[in-house]
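The values are calculated or read from the model by the stated rules, or taken from the named source; none is laboratory data. Computed from a predicted model, the values in this text were never measured in an experiment. Neighbour counts are summed over all protein chains in view; Cβ atoms, including those assigned to glycine, are modelled from backbone coordinates with ideal geometry.
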Amino acid sequence: MTPQHRILVIKLSALGDFVQAMGPFAAIRAHHPDAKITLLTTKPYAALAKASPYFDEVWVDQRPKPWDVPGMLRLRKMLRSAKFEMVYDLQTSERSSRYFHLVHTGTPWSGIATNASHPHDNPDRDLMHTLDRQADQLRMAGILETPLPDLSWVERDLRKFRLPQKFVLMVPGGAAHRAAKRWPAERYGAIARRLGERGINSVLIGTREDKDAIDAVLASSKTAMSLADHTDLLDIPAIARQAWAAIGNDTGPMHLAAAAGCRSVVLFSNESDPALCAPRGRVAILRKPDLAQLEVDEVWEALAALTT
């Protein structure tokens, strides 16, 4: 029996970036259909990766500090044990580039590590959208076609959520330390009220960090319901596939919704640049320097245009 080729893919974080790597994951699998492909990622994304059709095994990186010698030695032992024949570093960070020195010398490597065999040396890489940059990186490594992220393979029993028949998925929160990426919660509440008047419910998702924003929407609309802190990364795309549409800030769950094929209105401030990171698909992007400048009518009109 011919031994399987061993391929390593590195993608550590964050959620939006991880979702946008789903297209490259699919491209790598298609290019190496008979290989044993291992993903090195971090704990929050392991379950999503294991459920995907792209990997034979998923390893969790404990992210040892450079001065954590025992931790780095354990990581080196793990990476060398598999004798990988190709590495695709989709994280392309300082950390992941250091891992170049932990695999066997001479292992082919796609990324930005010094002396990589397949360097992504496009001088404009930092000016490219994440999806375009990763497709360009893979093209330089011999993978010519990279699809958009696709989460249509996610299957989930959603009966426990008792979802309404027709609803808009709302993501009014986001990283607590980046408040400027949040549209004012009372304006989500205004959208929820308008939807309710038209017989459309609002389903809110988030974490405990989003409690204040979610509570403000719930207080504004009798037809809104919260699933905050009750969904995982596999629930969200499954819920989004059933949604009439989704509205949310520039945060990871909106990438999940868009990759699930949900019509999505995504709101950006100057805290992030949609030209570099916005989800693609059936997506409308609204941007203001300060999201407090974004009016309810503008979001409502974008939602109407996307859903008619």
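Between a first residue in the stretch 276-291 that is within 21 Å of P184 (Cβ to Cβ) and assigned by TED's automatic domain parsing to the domain that holds D250 and a second residue that is hydrophobic (A, V, I, L, M, F, W, C) and assigned to a loop (DSSP other than H, G, I, E, B), which pairs have beta carbons less than 6 Å apart while being 6 or more apart in sequence or on different chains? Filtered contacts from the stretch 276-291: I285/A278; K288/L294; L291/W183. Checked against (1) basic (K, R); (2) surrounded by fewer than 17 Cβ atoms within 10 Å (Cβ to Cβ); (3) assigned by TED's automatic domain parsing to the domain that holds M72, R178 passes all but a single condition, namely (3). Of the residues M140, M128, the single one that is closer than 30 Å to A245 by Cβ and surrounded by fewer than 18 Cβ atoms within 10 Å (Cβ to Cβ) is M128. Being within 21 Å of the chain's Cα centre (by Cα) and of a type in the set (S, T, N, Q) holds for only one residue in T207, T307, T223, and it is T207.
Condition check ((1) on the phi > 0 side of the Ramachandran plot; (2) over 19 Å from the mean Cα position of the chain (by Cα); (3) modelled with pLDDT of 95 or more) across all residues:
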| residue | (1), (2), (3) |
| --- | --- |
| H104 | no, yes, no |
| S110 | no, yes, yes |
| D121 | no, yes, yes |
| D126 | no, no, yes |
| R133 | no, no, yes |
| L138 | no, no, yes |
| A141 | no, yes, yes |
| L144 | no, yes, yes |
| P149 | no, no, yes |
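For every residue, the table says whether it meets (1) aliphatic (A, V, I, L, M); (2) under 16 Å from H104 (Cα atoms); (3) surrounded by fewer than 22 Cβ atoms within 10 Å (Cβ to Cβ).
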residue: A47; (1), (2), (3): yes, no, yes
residue: Y54; (1), (2), (3): no, no, yes
residue: P64; (1), (2), (3): no, no, yes
residue: D89; (1), (2), (3): no, yes, no
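Taking the stretch 184-237 as the range and being touching a residue at least 60 places away in the same chain (Cβ under 8 Å) and basic (K, R) as the test, the residues that pass are R187, R194. A residue that is without any contact (Cβ under 8 Å) to a residue 24 or more places away in the chain and outside any helix (DSSP H, G or I) cannot be found anywhere in the stretch 147-154.
Do we find that R187 is in a helix (DSSP H, G or I), of a type in the set (K, R) and within 21 Å of V266 (Cβ to Cβ) in this structure? Yes.
Rundown of residues vs (1) closer than 19 Å to L294 by Cβ; (2) at pLDDT 95 or above; (3) among the small types (G, A, S); (4) outside the structural domain of Y45 (by TED's automatic domain parsing), yes/no style:
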| site | (1), (2), (3), (4) |
| --- | --- |
| I205 | no, yes, no, yes |
| E209 | no, no, no, yes |
| V217 | yes, yes, no, yes |
| A228 | no, yes, yes, yes |
| L233 | no, yes, no, yes |
| A259 | no, yes, yes, yes |
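Of the residues making up the stretch 153-193, those that are among the aliphatic types (A, V, I, L, M) and closer than 30 Å to K50 by Cα number 9. Applying the condition of being of a type outside the set (V, I, T) and in contact with an Asp or Glu (Cβ under 8 Å, 6 or more places away or on another chain) to the stretch 36-45 and asking which residue is surrounded by the fewest Cβ atoms within 10 Å (Cβ to Cβ) yields K36. Of all residues assigned to the stretch 248-263, none qualifies as being farther than 30 Å from P147 by Cβ, touching a Ser or Thr at 6+ places or on another chain (Cβ under 8 Å) and not charged (D, E, K, R).
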